[in-house]
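To start, the structure itself, in structure tokens.
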């Protein structure tokens, strides 16, 4: 198992990029949950989640990702996900792809109206 890492990059006080690498499962999900919680505690307008380096994401970690996307939508925060092939396949297999990826599109359309 590749040790997971989450690195936060803060941009201009309103945007946070989280770069996730490795494999996330029930034993490491706390690290992912803590990073999302810390990012959400600021005056956030954009949360960019780069998971291109994630080789495995279990259902617990997927739940944290989904909850964060929904929380962003509720708070008017733009949520952008850059998934790895493994994460994209998981989103597709679970029927959550459009729900997670659609957070950005729906928010931009509602703000344009």
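A few remarks follow.
- The residue pairs whose first member lies in the range 70-96 and is farther than 17 Å from residue 17 by Cα, whose second member is modelled with pLDDT under 90, and whose beta carbons are closer than 6 Å, counting only pairs six or more residues apart or on different chains, are 91/97; 91/100.
- Set 44, 96, 70: member being exposed (fewer than 15 other Cβ atoms within 10 Å of the Cβ), at pLDDT below 95 and farther than 14 Å from residue 4 by Cβ: 70
The values are calculated or read from the model by the stated rules, or taken from the named source; none is laboratory data. Note that the structure is predicted; figures quoted are calculated from it, not measured. With ideal geometry, Cβ positions are generated from the backbone for all residues, glycine too; neighbour counts draw on all protein chains shown.
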